[in-house]
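What follows is a set of notes on a single structure, which appears directly below.
The values are calculated or read from the model by the stated rules, or taken from the named source; none is laboratory data. Worth saying up front: this structure is predicted, and the values here are computed from it rather than measured. Counting neighbours? That spans all protein chains shown, and the Cβs are built from the backbone with ideal geometry, glycine included.
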Amino acid sequence: MGKYFGTDGFRGKAGVVLTAVHAFKTGRYLGWYYSQKHLNSGSAEAAKIVIGKDTRRSSYMFENALASGIAASGADAYLLHVTTTPCVSYITRTEDFDCGVMISASHNPYYDNGIKLMNFEGEKMDDDLQDQIEKYIDGEIEELPFASEDRIGKTVDFYSGRNRYIGYLVGLATKSYAKHKIGLDCANGSSWMIGRSVFDALGAKTYVINNTPDGVNINTGCGSTHIEGLQKYVVENKLDLGFAFDGDADRCLAVDELGNVVNGDKIMYICSKYMKEKGHLANNTVVTTVMSNFGLYKALDEAGIAYEKTAVGDRFVYENMKENGHMIGGEQSGHVIFRKYAHTGDGILTAIMLMEVVLATNLPLSVLASGCEMYPQVLKNVVVDDKDGTLADPAVQAQVDACTADLGDNGRVLLRKSGTEPVLRVMAEAGTLEECEKQVDAIIEAMNTSGHLVEVKK
């Protein structure tokens with residue numbers, strides 16, 4: 001990770017950590033970089049960069065700053081306006097754009113924002129280019145020339161791109177939703193118009209909540225991070241199922257007809273099992289992160305499906321999928337990637353894929369999810385004197401081994417470093433919460449005895 005751009009873009013409190021100047025300079029460098037690539041290739045066409053944004057108040061400020069920087073460097077900025085991250089990814093790779101930019105802080109509160117960069121294939125941007133942007137922001141690269149006269153770039157309204165994306169999603173469904181009552185929680189975010197458009201077009205009796213964004217209510221007590229509202233709504237309105245998205249709609253969690261949450265792990269289980277039955281599960285493998293629940297692995301073992309584990313982050317999941325030819329992967333949080341159809345997590349696409357299984361099997365979601373039982377989990381964040389030193393300490397390693405042996409085939413323990421804090425995350429999954437607490441506390445006590453523990457964070 002760089003100084004500004006992490007695994008999922010440049011993110012922070014708008015106007016404090018991430019400012020309009022940062023956005024302008026990002027636009028300046030992108031516009032210059034891709035204009036130079038066009039010039040060096042002999043192309044007479046201006047470079048094209050497409051921009052989408054979520055509903056945060058600050059997103060409009062950053063959209064204008066980015067577009068100004070891009071045009072000032074001689075490239076054209078195409079504005080999708082309020083749309084989803086996967087929409088930007090899809091349009092970037094299918095409409096011959098040099099790169100895509102999404103303005104969003106995903107599931108974060110409204111006062112945060114972010115800039116996510118994508119390459120021409122709609123994938124997360126290469127680290128090398130993001131490193132160059134950081135150097136330009138910090139003044140480590142000499143000032144770039146401004147375009148003048150007819151070389152100044154254009155800013156183009158591109159609402160039509162959003163409509164093409166909606167048409168793409170609708171075209172993926174193979175069956176009508178006419179017999180189903182479906183709830184959508186749009187988190188007052190990017191999906192607030194697109195979600196209903198897709199499900200209405202597919203014939204569903206669509207019930208939508210949290211689709212009145214005002215710039216400061218995105219993710220507030222709603223969406224995939226606060227799914228209890230949708231759980232209640234589905235039960236009270238006797239809906240067949242519901243889907244909750246996050247602020248930029250690259251995540252999806254589901255709620256079954258009984259009001260139970262069907263998280264990303266269960267969604268991957270349901271879809272991969274169906275794909276295997278239909279002969280569509282490439283390599284018979286699902287890609288997860290190390291934080292997927294132990295219950296998912298038990299269920300996949302029972303279904304005869306292999307799995308791989310990556311570091312936390314949908315970026316790492318996608319890289320593994322692309323490198324090894326796998327077609328489904330994701331995170332418990334609802335980032336699920338169907339690589340045949342998208343190069344990033346796509347909440348609405350995930351909902352469509354899950355509906356395909358519901359309609360094909362004619363089974364309620366509660367029954368489809370019942371084969372994957374989530375194990376209780378306890379996770380504690382521990383401040384230590386030295387993350388690597390603590391992980392390498394023989395006494396700590398011995399305690400981890402002892403806990404692993406104690407749990408056997410009925411659970412697991414995991415130690416993971418935070419990427420931004422002097423913190424280790426100590427996690428256990430087992431048959432009961434009491435057993436999880438016991439194993440986590442034993443590992444923390446080993447850290448304390450070895451002199452590494454500073455505090456257990458509340």
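Residues in segment 226-247 that are part of a loop (DSSP other than H, G, I, E, B) and touching a His at 6+ places or on another chain (Cβ under 8 Å): Asp240, Asp246, Gly247.
If you go through segment 234-255 and pick out every residue that is crowded, with 24+ Cβ neighbours inside 10 Å and either out of contact with any helix residue (DSSP H, G or I) (no Cβ under 9 Å at 6 or more places or on another chain) or charged (D, E, K, R) (or both), you end up with 5.
Going by the conditions given, is Val88 under 11 Å from Lys53 (Cα atoms) and in a helix (DSSP H, G or I)? Taking the combined requirement at face value, the residue satisfies it.
If only residues of segment 297-352 that are assigned to a loop (DSSP other than H, G, I, E, B) and aliphatic (A, V, I, L, M) are counted, the one that is farthest from Leu424 (Cα to Cα) is Ala342. Annotation for segment 399-415: at least one member residue is closer than 22 Å to Ser292 by Cα, touching a residue at least 60 places away in the same chain (Cβ under 8 Å), in contact with a helix residue (DSSP H, G or I) (Cβ under 6 Å, 6 or more places away or on another chain) and outside any loop (DSSP other than H, G, I, E, B). Against the criterion of being of a type in the set (A, V, I, L, M, F, W, C), within 22 Å of Pro86 (Cα to Cα), part of a loop (DSSP other than H, G, I, E, B) and under 23 Å from the mean Cα position of the chain (by Cα), Ile267 does not qualify. Flag: Thr83 does not match the condition of being more than 20 Å from the chain's Cα centre (by Cα), closer than 25 Å to Lys340 by Cα and at pLDDT 95 or above.
Cys87 passes every criterion in (1) at positive phi; (2) touching a helix residue (DSSP H, G or I) at 6+ places or on another chain (Cβ under 9 Å) apart from (1). Among the residues of segment 14-64, just one is aliphatic (A, V, I, L, M), free of Cβ contacts under 8 Å to residues at least 24 places away in the same chain and in a helix (DSSP H, G or I), namely Leu39.
The set of residues from segment 141-199 being touching a strand residue (DSSP E or B) at 6+ places or on another chain (Cβ under 8 Å) and either part of a helix (DSSP H, G or I) or modelled with pLDDT under 95 (or both) comprises Tyr159, Gly161, Arg162, Ser191, Trp192, Met193, Gly195, Arg196, Phe199. When segment 188-236 is filtered for residues that are over 22 Å from Leu172 (Cβ atoms) and of a type in the set (A, V, I, L, M), the ones remaining, listed by number, are Ile209, Val216, Ile218, Ile227, Leu230, Val234, Val235. Among the conditions (1) out of contact with any strand residue (DSSP E or B) (no Cβ under 7 Å at 6 or more places or on another chain); (2) modelled with pLDDT of 95 or more, Ala369 misses just one, which is (1). For segment 422-458, the set of residues classified as touching a strand residue (DSSP E or B) at 6+ places or on another chain (Cβ under 8 Å), closer than 18 Å to Asp386 by Cα and not aliphatic (A, V, I, L, M) consists of Pro422, Arg425, His452, Glu455, Lys457, listed by residue number.
Screening the candidates Arg93, Arg56, Arg11 for the property of being at pLDDT below 95 and out of contact with any Lys or Arg (no Cβ under 8 Å at 6 or more places or on another chain) yields one hit, Arg11.
Of all the residues in segment 248-264, those that are within 13 Å of the chain's Cα centre (by Cα) and part of a strand (DSSP E or B) number 2. I'd like to check something: does segment 120-133 contain any residue that is within 29 Å of Leu354 (Cβ to Cβ), touching a strand residue (DSSP E or B) at 6+ places or on another chain (Cβ under 9 Å) and aromatic (Phe, Trp, Tyr)? No; the residues of segment 120-133 include none that is within 29 Å of Leu354 (Cβ to Cβ), touching a strand residue (DSSP E or B) at 6+ places or on another chain (Cβ under 9 Å) and aromatic (Phe, Trp, Tyr).
Only one of the listed residues (Leu281, Leu359, Leu300, Leu363) is more than 26 Å from Leu258 (Cβ to Cβ), at pLDDT 95 or above and in the same structural domain as Leu184 (by TED's automatic domain parsing). That residue is Leu281. Annotation note: of Ala173, Ala187, Ala147, the sole residue that is crowded, with 17+ Cβ neighbours inside 10 Å, at positive phi and not aromatic (Phe, Trp, Tyr) is Ala187. Here Leu281 meets each of (1) among the hydrophobic types (A, V, I, L, M, F, W, C); (2) within 30 Å of Val216 (Cα to Cα); (3) under 24 Å from the mean Cα position of the chain (by Cα) with one exception, condition (2).
Filtering Asn362, Asn410, Asn381 for residues that are more than 18 Å from Glu437 (Cα to Cα) and out of contact with any Phe, Trp or Tyr (no Cβ under 8 Å at 6 or more places or on another chain) leaves a single hit, Asn362. Filtered by the rule that a residue be acidic (Asp, Glu) and surrounded by 24 or more Cβ atoms within 10 Å (Cβ to Cβ), segment 315-349 gives Glu331, Asp346. Quick check on segment 157-164. Is at least one of its residues closer than 30 Å to Arg28 by Cα, more than 27 Å from the chain's Cα centre (by Cα) and outside the structural domain of Asn362 (by TED's automatic domain parsing)? No, every residue in segment 157-164 fails to be closer than 30 Å to Arg28 by Cα, more than 27 Å from the chain's Cα centre (by Cα) and outside the structural domain of Asn362 (by TED's automatic domain parsing). Apart from one condition, Val426 fits all of (1) closer than 16 Å to Val290 by Cβ; (2) surrounded by fewer than 20 Cβ atoms within 10 Å (Cβ to Cβ); the exception is (2).
For segment 65-103, filtering for residues that are in contact with a strand residue (DSSP E or B) (Cβ under 6 Å, 6 or more places away or on another chain), of a type in the set (Ser, Thr, Tyr) and touching a residue at least 60 places away in the same chain (Cβ under 8 Å) leaves 4.
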